[in-house]
Amino acid sequence: MKLKSIVVACGLLAVLPATASAEEPITFASWGGTYQDAMRHVFWEPISRKLGVIFKEDTGASLGMAGIRTQVQSGAVLWDVVDLALADCIAGAAEGLFEPLDYTAINTDGIDPRFVNKYWVAGPWSTGAYMAWRKGLFAGDPPKTYADFWNVKKYPGRRALYDGPQETLEVAQMADGITFDKLYPIDMDKAFAKLREIKSDITVWYTSGQQQLDLIRNGEIDLLYGWQVRLDLLYKEGLIDRSLDQATMGPQCLVVLKGAKNKNVAMKFIAAMLTPEVQKTIPDLFTAVPINQKVFSENMLAPDVVQKMPKMPDAAGFALASAKYWSTPGISSKAQEKWDAFKHE
């Protein structure tokens, strides 16, 4: 991956705008692990070279809004650009924690207009989630939907679901026949009732992406709902089969913290991350979907690459509905309270 990223980076230098060096390093905060490794290879290293800036990185995005709120309210802002979940961008914008984005510098051609906000923009990519099972386990008549996942008689096996309400309640609703456009607001009572049908058949409630990999590689489970950035690795290794029929898609989003020391350079950096020329390199280096739709409309990727990507009807509408729902005050805490009670039943 490192060698490939260097080759790709060299190719990008000719298409990115140059700018003066920042007075001090620009600091990015993301999620750590292989995800952050990909951010570094795809975006930070090549773009920093062209812009003539030094960058630092932190894994503080995993702290969520608490870490951002502390910095902004104290006036001691450490991060410039932060990669967040869409719900956090909506909540943080409402709290006044971000700088207005400079759309004279950031060209959003190719970005769904619903993802362009005064204080945040979707990107740099989207990732998905889908159902998978051990390779060859159901070769004759494989499962396709979450209703099939719930059908333990037709599709027996050790199962795993995420140990948290936000995604697992959506899966339960889909298993109950609810379509993407009707998922929100979630009927929590019905969703938990559906989960009770299968609770005794869940071998593992996982808590991390790495655990998803380990469960399959160690032969501990047979079927699971999981995250594209993890499951695609298993798929490429030939360890799982999958169904993309009810795959869900959602973008990350980019913000500049209020009071950021390198605000102007941060805007230029976000602009470069969203260009089609940079976006089209994503599938070479990471298992994620470009957010700039020009990559697809202008056929910048090979057809077989596009075919392997998860997709869903109106992914933008789904992602925004989900983010707005989960960023509504009181919803997450209510769901977590019910989740904790459900786990202890």
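Beyond 25 Å, what percent of the Cα pairs of the chain remain? Value for the chain: 54 percent of Cα pairs lie more than 25 Å apart. Rg and Dmax of the range 287-345, based on Cα coordinates, read 17.8, 53 Å.
Net length available on complete extension from T203 to K343 is 49.1 nm, with 0.36 nm assigned per residue and the Cα-Cα distance removed. Remark: the Cα gyration tensor places the range 30-88 in the oblate category, a/c being 1.5 or greater and a/b not exceeding b/c. Taken along the Cα-to-beta-carbon direction at a fixed 7 Å, the label points for E167 and N218 span 1.9 nm.
Taken along the Cα-to-beta-carbon direction at a fixed 7 Å, the label points for K308 and N151 span 2.9 nm. The distance linking the range 331-345 with the range 261-303 is 38 Å (Cα centroid to Cα centroid, whole angstrom). Between L78 and Y103, the FRET efficiency estimated from the beta carbon spacing at R0 = 30 angstrom works out to 0.75. Checking every one of the trypsin sites (Lys or Arg not before Pro) in the range 136-241 against DSSP loop status and a limit of 14 other Cβ atoms within 10 Å picks out K144, K153, K154.
Based on the Kirkwood approach, the hydrodynamic radius assigned to the range 113-263 is 16.7 Å, with every pair of different Cα atoms included. Note on the range 93-153: Rg/Rh from C-alpha atoms, Kirkwood Rh, equals 1.30. Could you give log10 I(q)/I(0) at q = 0.28 Å⁻¹ for the range 136-186, computed by the Debye formula over C-alpha point scatterers of equal weight, without solvent? Values returned for q = 0.28 Å⁻¹ are -1.12.
Distance between the pseudo-spin-label points of Q293 and D245 (7 Å out from Cα toward the beta carbon): 2.7 nm. The distance separating the Cα centre of the range 132-209 from that of the range 83-107 comes to 33 Å.
The value given for the range 196-345 is a Kirkwood hydrodynamic radius of 18.7 Å, derived from the mean inverse Cα-Cα separation.
Laboratory data are not the source of any read-out in this text; all were calculated from the coordinates shown. For clarity, every value in this text was computed on a predicted model and none was experimentally measured. Cβ atoms come from the backbone with ideal geometry, glycine included; neighbour counts cover every protein chain shown.
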